[in-house]
1. I'd like the Kirkwood hydrodynamic radius of the chain, using the inverse of the mean 1/r over distinct C-alpha pairs, in Å.
2. Let me spell out the model: positive unit charges on the Cβ of Lys and Arg, negative unit charges on the Cβ of Asp and Glu, origin at the Cα centre of the chain. What dipole size does that give, in debye rounded to 20?
3. Please identify the DSSP H helices in the chain that span no less than 24 Å along the helix axis (Cα) and have a mean Kyte-Doolittle hydropathy of 1.0 or more.
4. Restricting the calculation to Cα positions, tell me the Rg (one decimal) and the Dmax (whole number) of the stretch 128-173 in Å.
5. Between S227 and S133, take the C-beta separation as r, use R0 = 35 Å, and let me know the FRET efficiency to the nearest 0.05.
6. Note down the magnitude of the dipole of the stretch 125-241 about its Cα centre, charges +1 on Lys and Arg C-beta and -1 on Asp and Glu C-beta and zero elsewhere, to the nearest 20 debye.
7. Within the chain, count lysine pairs with alpha carbon atoms under 18 angstrom apart where the residues are 8 or more positions apart or belong to different chains.
8. Per-residue counts of other Cβ atoms within 10 Å, averaged by peptide: what ranking do you get for 155-163, 263-271, highest first?
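The values are calculated or read from the model by the stated rules, or taken from the named source; none is laboratory data. Worth saying up front: this structure is predicted, and the values here are computed from it rather than measured. All Cβ positions, glycine included, derive from the backbone under ideal geometry; neighbour counts span all protein chains shown. Remember, those area values only see protein heavy atoms, side chains included, never the ligands or the DNA or RNA. Shrake-Rupley method; radii C 1.70, N 1.55, O 1.52, S 1.80 Å.
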Amino acid sequence: MMAKIVVTGMGLVSALAPSLGKTWYRLICGESGIQKCHPFPDIPAQPLALVESRPSYLEDLLKPALSEALDDAGLAPPMRDCGVAIGSSRGFQSQWEEGASAYHASNPSHGEERSLLATPECLARIYGVSPASIVAQSIAAQGPVLAPRAACATGIWAIAQGADLIRAGYCSRVIVGAVEAPITPLTLAGFNKMGAMAQSGAYPFDQNREGFVLGEGAAILVLEEASSAQKRQARIYGQILGVGLTVDAHHMTAPETSRQAAITAIQDCLQRSGLKTSDIGYIHAHGTATHLNDQAEAAVIKALFPSSVAVSSTKGATGHTLGASAAFGCIFSLMALSHKVLPPCVGLKEPAFDLNFVCESHRHNMQFALCLSSGFGGQNTVLALSS
């Protein structure tokens, strides 16, 4: 019999708040952490979802989220028999850019060799360290350590890989999730050049949506084999069921128009979970607030699910945290399942699609939820959860 995987601890650092409890409260109240900011003098002010007043370093987001997740699960280092699956699509990009800026600012005379102006420790961290290895070192883990990188689909990949480690018998507990500190000059310049970013705010699935708002944060979960969690009388938020993973093989940024690969990912996920579309009470959508993504995603949901299924995206509150966004969605879905409260689609005023959007939080006796995500390169990821 396949092992039953449950979630016993969660930690979150977001633009709404530096903890899960406060983030969830503000989200349920319909608040947003997005503000107009001007962190870099060479790039015009624009809406961003910052945790602090300035862009954060990756470790400053990761470590508090990890600490909160462990405290929530009633665990503490050393955790030698634990596995780790933590992803990031950008990693230490801000340090790379700072090093490159220092290199060019050194302005040497002709023929003089320039240095990166970085310490050996800094270079070692940029080159060889991943968020997963930081977590492993922090908890003294000696089990498998995985560091998936799959653009905005990274979070679900990490959770799926962690669950697979338990099912395959490598370990009975895995720390999973994703972290992103993407607010850097290069990232902003690139997405602005693509015309993908909003100028006033994030409005997922709205008639007046403008594009996404970049955000930062970390989302960490503790996965355990159910019998192990029950033995230590741990609190259980919900169960990880099946996953669906496909790719469009069509375009690096634009979704394929028929959405067949995205549909297949959902169907695969439901089949592996032993569910029907009518079983799903809530869908946490990817919902980036870009014209193409929202249109494509809404079409898939409408084609597959009953009109009664509740739908929301939380990126209007937290911004788009890229590789961490699907892990955010998983945590919010588990909070919805455990509290029986649906989070609202913050920023949605005039729906552009005929779906049952959650405009204000309300109680809902759901048992199953789906978390949807997609990423550059045409990646489609779906995760099923139960209470």
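1. The Cα-based Kirkwood calculation yields 20.8 Å.
2. On the way: 26 positive and 30 negative charges, 180 e Å.
My answer is approximately 860 debye.
3. Working: long enough: none.
Going by DSSP H runs, there are no hits.
4. Expressed in Å, the Cα Rg and Dmax of the stretch 128-173 come to 11.0, 29.
5. That pair, S227 with S133, gives E of 0.75.
6. Numbers: 9 positive and 7 negative charges, 62 e Å.
Dipole about the Cα centre, nearest 20: 300 debye.
7. Details: K4/K231; K22/K63; K22/K315; K22/K340; K36/K315; K276/K302; K315/K349.
Final tally of qualifying lysine pairs is 7.
8. Values: 155-163: 29.0, 263-271: 19.3.
Top to bottom by mean Cβ count within 10 Å: 155-163, 263-271.
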